[in-house]
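So the structure is just underneath, and the comments pick up after that.
No lab work stands behind these numbers, since they all come straight from the coordinates. These numbers were taken from a predicted model, which means no experiment stands behind them. Note that we place each Cβ from the backbone using ideal geometry, even for glycine, and neighbour counts take in every protein chain shown.
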Amino acid sequence: MAVPLTDQERRKQISVRGIAGLGDVAEVKSSFNRHLHFTLVKDRNVATPRDYYFALAHTVRDHLVGRWIRTQQYYYEKDPKRVYYLSLEFYMGRTLQNTMINLGLQTACDEAIYQLGLDIEELEEMEEDAGLGNGGLGRLAACFLDSMATLGLAAYGYGIRYEFGIFNQKIRNGWQLEEADDWLRYGNPWEKARPEYMLPVHFYGRVEKREGGGVDWVDTQVILAMPYDTPVPGYRNNTVNTMRLWSAKAPDDFKLHNFNVGDYIEAVLDRNLAENISRVLYPNDNFFEGKELRLKQEYFVVAATLQDIIRRFKSSKFGCRDPVRTSFDTFPKKVAIQLNDTHPALAIPELMRILVDVEKLDWEKAWDITCRTCSYTNHTVLPEALERWPVYMFEKLLPRHLLIIYDINQRHLDRIAALFPGDVDRLRRMSLIEEGDPKRINMAHLCVVGSHAVNGVAQIHTDIVKETCNFCYFSQTHPAGWIWPPGRLFDTCVVVGEHAAVAVALDDVTWGLSLIQVLCYHMAKLIIKLITSVGHVINNDPAVGNRLKLIYLENYRVSLAERVIPAADLSEQISTAGTEASGTGNMKFMLNGALTIGTMDGATVEMAQEAGEENLFIFGMRVSDVEEVDKKGYDAREFYERLPELKLAVDQIQNGFFNPEKPDLFKDLVDMLLNHDRFKVFADFESYVSCQDRVSLLFQVKNPRAWTQMVIRNIASSGKFSSDRTIRQYATEIWGVEPSDVTIPPPNEPPFKAQD
Ligand SMILES: *Cc1c(COP(=O)(O)O)cnc(C)c1O
């Protein structure tokens, strides 16, 4: 049990969080007791901390419901343009505290729980993280939902309700072990299942020519997509948007017709196969693993979501009596679809399939609508992360979509050929289909061709995407023109907690993360083992004593980031320039009072612009320097031979200093650093070490004000990195919607009147 607060601590908490109305407190207490009794079916003698958490969650949830229904009614009445954020990941973390803050309930709940003799922080700790993401990409999606609701946009997040999110990481004997993340075990009070809105999704089958033109996709296998809705409250504006996550359900007759009566049991057991689609999140960050189940997941979310989008478009209050609406001419004016990386790229051929095969629009019209509706955010240029699906997988799983992609590609290549006659190499480079064994579909090319706007996640990254993509000819040929919104698009996660001086040195896994992409899981785990082994030596060295500790944080996740980021003094952003698309941890640290030691990469470039380069510790190669090194050829051994500190470190790793029981444990790692390190980390070593000396000097010496001044200048210039600001920019430059400062009337006031 956590220690109850002293009266002094209570007064401090109240002075920070404000004073609750007595009526609010009484209402929370009575609602809490009612839920403990009727919902949890417990009394105070047998209730556990988890029961108390659920009672509080239900109490807070009750305050969401009226606003949620009102918001959706309001959208129906006003029929604003809808924004759909499609993502295979939503890394939401915990919901309770964020909901209390956004609804203005935190003070009342604090006081009520205190008066009930309970510790609200202990209850909050009972909540499982919704870990439906790997890292930055999924957390960005979560921050964007929050900001879209805060800005009053009629927005929806669409994704998959994974039964198992990102694995729980255990460290045993210094090695990583993965455990299943059974986050739904105790139930999820924030979601509402909507079996009545279940939709079919088709797989496999074959394509059949229709008499009189057109094609049909027939003999498919059907899986049902069951929606689960989660409320997304804006900050104190009574807006509650919806995140709709799909769960796979086998149809009642799944496989039954294939079997005799005797195979009934087998057929029921096989339902698991169908339902495996939404079983588990692939734990790949910045890495493409071309598994068929993952392709199924990507189509599953896209197919269910597009049906939902089109149903909502057609059933709009104005659409019903507007014949134009049924013609789809207004579709791009009423619908914006944002693709979070290429993972939901199938939205492009799927929308084409619906418009051409089902709605019977002609190709050119359908293509114009598709391009004007969709836009795409690129998250990386690292080749091992790019989705390149084998054509044979499409042939089997999505035969109709393959033909559509061939048709898109044919027109695409015709346009290039007309613009650049005889440039065969350009056709090969820009084709959606890559020749080879096997032939592959380049999903990034598909997204670029099928979108009216493409953006990177930071200015430098957007510039790099523009150069590598080489798609700029579109400004002349694309039906919707070509928009390259300037980068400057960031995520900021609101992190809460107290500032404290750190007594430990946190390991930095960025070196490790850059290596994951080369040698995947074996290498990643070896790096973790190296970090924990080095930690073991340092932490038990009597000469070091308490001056330095190296701690590997087990099971890093949103709720742990919320604690550790506000507590940090120094943020290390040490990617080789040109390899980190943006980074988002950098911004969270800046906003929370840490200084940055970093390379000029990703969003760190813009942090230096905003705060002034003199207020960050910048080291290492710039992108142009990296290009120079590439031209000359990178030789890790040259650095190893020339820099004694580096040589000593590498030798110690190599000769078993950190792992005497098995001295050659890290030999693959050392081999890679010396002989095939694509990230050229030794080239930044000398500059990094001398920059760390500057950091130490400023942190230790006589003038503590100098450090604090730098911190304040950083915090004061971090405003650009708010996801609210980012979403404003998306709204105006990509989606063509206006942020609204309308506050929807709360449930205890009379309903609004429709304007028309
Ligand atoms: C922000 C965040 C990330 C992404 O951090 P980067 O610095 O962008 O890699 C990953 N995990 C968690 C829990 C986060 O909050």
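Here are the numbers for the structure shown:
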quantity	calculated
Lys/Arg +1, Asp/Glu -1 at C-beta; segment 21-77 dipole; positive extreme among 68, 26, 56	56
Environment charge at residue 271 (Cβ cut-off 11 Å; Lys +1, Arg +1, Asp -1, Glu -1)	-3
Which of 52, 75, 85 has the fewest Cβ neighbours within 10 Å, and the rest in rising order	75, 52, 85
Residues listed by number, segment 43-74, amide nitrogen under 15 Å from residue 743 label point at 7 Å toward C-beta	67
Förster-model FRET efficiency, 22 Å R0, residue 293 and residue 554, C-beta, rounded to 0.05	0.20
Debye equation applied to the C-alpha atoms of segment 358-423, log10 I(q)/I(0) at 0.22 Å⁻¹	-1.22
By average C-beta atoms within 10 angstrom, highest first, the peptides 690-697, 602-609, 186-193, 224-231	602-609, 224-231, 186-193, 690-697
Per-selection metrics, the chain (Cα): Rg and Dmax in Å	27.4, 86
Total charge dipole magnitude, the chain, about the Cα centre, Cβ charges on Lys, Arg, Asp, Glu only, Debye to nearest 20	1580 debye
Cα-centre dipole for segment 276-357 with unit charges at Cβ (Lys and Arg positive, Asp and Glu negative), debye to 20	520 debye
Mean ellipticity per residue at 222 nm, deg cm²/dmol - from DSSP H runs of n ≥ 4 across the chain, formula -39500 (n - 2.57)	-13500 deg cm²/dmol
Relative exposure of 63, 522, judged by other C-beta atoms within 10 Å (fewest first)	522, 63
Cα pair distances exceeding 15 angstrom across segment 228-284, given as percent	65 percent
Extension gain, residue 696 back to residue 173 (0.36 nm per residue minus Cα-Cα distance, nm)	185.1 nm
Reachable lysines from residue 314, criterion Cα separation under 17 angstrom, eight or more residues apart if same chain	78, 81, 333, 334, 360
By average C-beta atoms within 10 angstrom, highest first, the peptides 37-46, 134-143, 581-590	581-590, 134-143, 37-46
Potential lengthening between residue 720 and residue 72 on full extension [0.36 nm per residue; Cα-Cα distance subtracted]	230.2 nm
Zone of residue 207's modelled label, taken as backbone nitrogen in segment 379-411 under 19 Å from a point 7 Å along Cα→Cβ	389-411
Distance between modelled label sites at residue 641 and residue 396, nm, 7 Å Cα→Cβ extension	5.1 nm
